[in-house]
Every structure is written in structure tokens, then in C-alpha cells.
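Participant: Before anything else, here's the structure in question.
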Amino acid sequence: MTGEGGLFTSPNYPISYPVNIQCVWKIVTHPTGNVELTFQDFHVENSGDCAYDFVEIRDGAMIDSPLIGTFCSSMIIGKIVSTGNALLIRLSSDGSVSEKGFSASWKLVPSSTAPTTSMPPSSTSLSTTTGPGTLSL
């Protein structure tokens, strides 16, 4: 996806996403901007450690870009702002349970906006993985 903003959902949303899928969304915006990602709804199989179904968010457009986090369960993930002009979102599901998935929006924000990730006070993160130089949730 390119441009200044948009909406996207997991396959079949709000009906369960398919089993055994790998979906990747690349968001690339203006070279001098950042990407702000917001989830309006999020329901992915809860395995506690996100071993079965998960959404992975990376800070950049490549599958090996720095990992921001790996998410599962039914939580609202706070706004995520990239450090550059791209984010990569990957939904992975195994061969059994599937949930309704997610609905998300993104927009271009000025690069002067400090990269942040925030969680609403009432949310709890059941599983978050971060790598070196990434934003912690």
C-alpha cells in the first residue's frame, strides 16, 4: 500500500480468517514521512505465546526489518509509528482455530513526529516480542 493513508483488514473480516495462511501488507509512504498504524479491532487466536496464529509488525518494508512486536489474542494494539517511511504487517495462521481477525488504518505523519507505540491504559499485552532497536509495547 502506498500513499498518504488507507484501511485494510484480514481476509474475510469480520468473519474468521482462513487457516494455514500467510498474508503480508507493506505500507510505504513519502520518503520523508513516517507511518502511523492504528487497529480498530483485533481478534487473533490466543495461544498465550502467539505460537499458532499471530500478527507480526516490522519497522520497515522487508520481512527481516526490525521487529516491533508479535501479537495475538483479543486486544486493541495502541498506535504504532514507524521510524522510517514503511511498515510490514504479517498475519500467520496454523491449520486449526481461526478468529475474526483485524481491521486497521494507517496514515502518513510528518517525520518530525517522534516514533511511539502506545497501549490504552485498559489494554494488556499477552505476548509481545521486541528486537534490538525496536519499540517496546
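Participant: Could you check how much of the accessible area of segment 1-113 is carbon and sulfur, as a whole percent, using a 1.4 Å probe?
Facilitator: About 54 percent, which is the carbon plus sulfur part of the accessible surface.
Participant: Kindly report, to the nearest 10 Å², the accessible surface of Y13 as traced by a 1.4 Å probe over protein heavy atoms only.
Facilitator: About 60 Å², ignoring ligands and nucleic acids.
Participant: What are the principal axis extents of the Cα atoms in segment 1-112, in Å, biggest first?
Facilitator: 42, 25, 21
Participant: If r is the Cβ-Cβ distance from K79 to E4 and R0 is 22 Å, what FRET efficiency results, to the nearest 0.05?
Facilitator: That pair, K79 with E4, gives E of 0.85.
Participant: Further question: Report the net charge of residues surrounding P66, where surrounding means a beta-carbon distance below 13 angstrom and charges are Lys +1, Arg +1, Asp -1, Glu -1.
Facilitator: -2
The values are calculated or read from the model by the stated rules, or taken from the named source; none is laboratory data. Treat the numbers as computed from the prediction; the structure is a model and nothing was measured. No Cβ is skipped: glycine too gets one built from the backbone with ideal geometry, and neighbour counts run over all protein chains shown. Ligands, DNA and RNA are excluded from the accessible area calculation, which covers all protein heavy atoms including side chains. Shrake-Rupley method; radii C 1.70, N 1.55, O 1.52, S 1.80 Å.
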